[in-house]
Amino acid sequence: MRPVVICLIALASLAATSTFGQGRSQAFERLYQQHCAVCHGDRFQGAAQGTPLVNAPLIRGEGVEAIAKSIAEGAPDLGMPAWSETLAGGQIRSLAILIAEERANATFSDFRMAPPLELPDGIIETANHGYRLTKVIDGLEPLPYSIAPLPDGRILLTEKMRGLTVVSADGTQSDLVPGAPVGNRQSVRRGPLSYGLGWILDVALHPDYADNGWIYLSFGDRCTDCGARPASMVKLIRGRLMEGTWTDEETIYQAAPEHYNSATDMAAGGRIAFDGAGHVFLSLGMKGRYEEIQDLAIPHGKVHRLHDDGRVPADNPYADTPDKLASIWTYGHRSVHGLEVDPNTGLLWGTEMGPRGGDEINLLRPGENYGWPLASHGLHYNGRSVDGAGLGVEFDPADLVEPVVDFTPSVAVSSFVFYEGDAFPEWRGHMLVGSLKGSDIYRFAMQDGQVAERETVLEDLARIRDIEVGPAGRIFVLLEHEGGSLIVRMDSASAG
């Protein structure tokens, strides 16, 4: 069972959230400087008394668990004390995560927002396929969110603080689609990150789009007269594009007015998925107080399941349960930034960002509790390892679902897709998973709900915000970058 961990910073308001980044990583570094730097160097480079902790193998193994064990037990033969006699378990894990971050080039404070971005030339080789990266369009807003390739070669694009546009097959971006929701451009900037309300989120095509034309769009529905401050909550609508205009709009999901709040839309998720059986799923991440995530009468921190026209399915786990939201499918979620149904099994999967460490890939089964904010393989940003004290939430750790994949240190796991297509036949049925801070794309082959194969197929490029499959099995990737975001295409090397 994973350690019981909780983060006690409540994102109860935009004002509170806007200070979220201040000093949050310092506790880990202070601990290292206080106890480790004299022997291992202030930059992990090693010193006379101790070996380097980066750019060299670790004798007792890689990974957070192995590093934590080494710190706790020490190495008496090398003059290293057993720090379990001096430091608490949470402090030891903080040091292990910090060292693992440095070894993986995943420094916590580096959000990969503005490094030089150059697409690699030539063929990128992987275990099964070689491919090239081709630019579709650049110069997009710094904060894009989602793409949806259309059958005719165009691409729908959402940009958080702008709205919905269409990118033509030759790489030209349209004006904002008339009639569609428009993003709120007001935001608070703290360090490299922006926080705001009223952002445009995911866009997705109905499985029968070719016949019915339905396009689904999620966004932070901004309300300026809901209290003393502006408030929002994730809303899901659908509509059609008719001669370039958004028409036939219908509301599929909208929370009750009392659930709107002034917490930022940054971690709201809003990802959309379909199961091919007439249902649509919507992720709604932390968008209010942490203890509410475990409250089944509150919408945020949940994945919701609806019929594709907005009706609540009678077989939802809480459809007939008083004082619980009938739309809830799963709960205990922090920030679900990827949501997809495996077309081969019909099972729902999600990718979820953790705190410092603890990013996850989860198999989302109905009615299950995925643990936030009661458990995580990561730690609170100030290094505290906690057990839920102070929230007033009763729980049995045995009832919390373990992730199928844990990313510790965090890579800021983002969107993913199950690949089905002809361009990369050896990847059929596999997950292609993006990361923001990791700047990588990972390939996972799953078997019986567990990882059977894992490979990094794109490494250290840029923040991967979205991955989608278009016509002919082509893979499109949305790259988020402060200097101008891009859409790129992965073209099989065998295509010539």
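The values are calculated or read from the model by the stated rules, or taken from the named source; none is laboratory data. Values in this document were obtained by computation on a predicted structure and should not be read as measured data. Cβ placement follows ideal geometry from the backbone for every residue including glycine, while neighbour counts extend to all protein chains displayed. Accessible surface is based on the protein model in full, side chains and every heavy atom, while ligands, DNA and RNA are left aside. Shrake-Rupley method; radii C 1.70, N 1.55, O 1.52, S 1.80 Å.
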ask   = Taking the stretch 37-63 on its own, how many of its residues are open to solvent by less than 90 Å² (accessible area, probe 1.4 Å), within 17 Å of Pro409 (Cα to Cα) and out of contact with any Pro (no Cβ under 7 Å at 6 or more places or on another chain)?
value = 5
query = Assuming Leu374 fulfils every condition listed in (1) over 23 Å from Glu62 (Cβ atoms); (2) hydrophobic (A, V, I, L, M, F, W, C); (3) at pLDDT 95 or above apart from one, which condition is it?
reply = (3)
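Residues are listed down the side, and each one gets a yes or a no for (1) over 23 Å from Glu250 (Cβ atoms); (2) under 26 Å from the mean Cα position of the chain (by Cα):
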site: Asp175; (1), (2): yes, no
site: Arg185; (1), (2): yes, yes
site: Gly198; (1), (2): no, yes
site: Ala204; (1), (2): no, yes
inquiry  = Among the residues that make up the stretch 123-131, is at least one of them of a type in the set (A, V, I, L, M) and closer than 14 Å to Phe476 by Cβ?
reply    = no
query = Could you list, in sequence order, the residues of the stretch 459-485 that are closer than 15 Å to Gly438 by Cα, open to solvent by 10 Å² or more (accessible area, probe 1.4 Å) and not charged (D, E, K, R)?
reply = Leu461, His481
ask   = In the stretch 59-80, which residue that is touching a strand residue (DSSP E or B) at 6+ places or on another chain (Cβ under 9 Å) and not in a helix (DSSP H, G or I) is nearest to Cys36 (Cα to Cα)?
value = Met80
query = Given the conditions (1) of a type outside the set (Phe, Trp, Tyr); (2) touching a helix residue (DSSP H, G or I) at 6+ places or on another chain (Cβ under 6 Å); (3) open to solvent by 20 Å² or more (accessible area, probe 1.4 Å), which single one is not true for Asp170?
reply = (2)
message = Taking the criterion of being more than 16 Å from Val280 (Cβ to Cβ) and surrounded by fewer than 16 Cβ atoms within 10 Å (Cβ to Cβ), would at least one residue in the stretch 327-337 satisfy it?
response = no
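With the stretch 150-199 as the region, which strands (runs of 3 or more DSSP E) entirely inside it contain at least 3 residues that are under 18 Å from Gly239 (Cβ atoms)? Full working, then the answer.
Values: elements: 155-159, 163-167, 188-190, 193-195.
The qualifying strands (runs of 3 or more DSSP E) are 155-159, 163-167.
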Single residue of the stretch 266-276 satisfying the filter (of a type outside the set (D, E, K, R) and not in a loop (DSSP other than H, G, I, E, B)) that is nearest to the chain's Cα centre (by Cα) = Gly269
remark   = Only unsatisfied item for Ser18, checking (1) surrounded by 15 or more Cβ atoms within 10 Å (Cβ to Cβ); (2) in contact with a helix residue (DSSP H, G or I) (Cβ under 8 Å, 6 or more places away or on another chain); (3) at pLDDT below 90, is (2)
message = Can you tell me how many residues within the stretch 210-238 are surrounded by fewer than 18 Cβ atoms within 10 Å (Cβ to Cβ) and touching a Leu at 6+ places or on another chain (Cβ under 8 Å)?
response = 2
key: Filtered residues of the stretch 264-311 (kept if among the small types (Gly, Ala, Ser), within 17 Å of Leu205 (Cα to Cα) and open to solvent by less than 10 Å² (accessible area, probe 1.4 Å))   = Gly270, Ala273, Ser283
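Table: residues versus (1) closer than 18 Å to Asp202 by Cα; (2) in contact (Cβ under 8 Å) with a residue 40 or more places away in the chain; (3) of a type in the set (S, T, N, Q).
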position	(1), (2), (3)
Phe407	no, yes, no
Glu426	no, yes, no
Val433	yes, yes, no
Gln447	no, no, yes
Pro471	no, yes, no
Gly483	no, yes, no
inquiry  = Considering only the stretch 122-131, I want to know if a residue exists there that is β-branched (Val, Ile, Thr), open to solvent by 40 Å² or more (accessible area, probe 1.4 Å) and in a loop (DSSP other than H, G, I, E, B).
reply    = yes
remark   = The condition of being over 16 Å from the mean Cα position of the chain (by Cα) and farther than 29 Å from Gly392 by Cβ holds, among Asp309, Asp295, Asp320, only for Asp309
request  = Within the stretch 338-378, work out how many residues are closer than 22 Å to Asp448 by Cα and of a type in the set (Lys, Arg).
outcome  = 1
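If we scan the stretch 391-401, do we find a residue that is assigned to a strand (DSSP E or B), free of Cβ contacts under 8 Å to residues at least 24 places away in the same chain and exposed (fewer than 14 other Cβ atoms within 10 Å of the Cβ)? Please lay out each step first, then the result.
Taking the stretch 391-401 as the starting set, the residues that turn out to be assigned to a strand (DSSP E or B) are 400.
Cutting the leftovers down to free of Cβ contacts under 8 Å to residues at least 24 places away in the same chain gives us none.
So far as the stretch 391-401 goes, no, none of its residues is assigned to a strand (DSSP E or B), free of Cβ contacts under 8 Å to residues at least 24 places away in the same chain and exposed (fewer than 14 other Cβ atoms within 10 Å of the Cβ).
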ask   = How many of the residues making up the stretch 137-167 are among the hydrophobic types (A, V, I, L, M, F, W, C), within 17 Å of Gly220 (Cβ to Cβ) and open to solvent by 10 Å² or more (accessible area, probe 1.4 Å)?
value = 2
request  = Please enumerate the residues belonging to the stretch 180-209 that are more than 20 Å from Leu157 (Cβ to Cβ) and in contact with a Pro (Cβ under 9 Å, 6 or more places away or on another chain).
outcome  = Gln186, Leu197
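Of the residues that make up the stretch 157-164, is at least one at positive phi, over 24 Å from the mean Cα position of the chain (by Cα) and modelled with pLDDT of 95 or more? Steps first, answer last, please.
The initial filter retains those residues of the stretch 157-164 that are at positive phi, namely 163.
If we keep only those that are over 24 Å from the mean Cα position of the chain (by Cα) as well, we get none.
Checking the stretch 157-164: not a single residue is at positive phi, over 24 Å from the mean Cα position of the chain (by Cα) and modelled with pLDDT of 95 or more.
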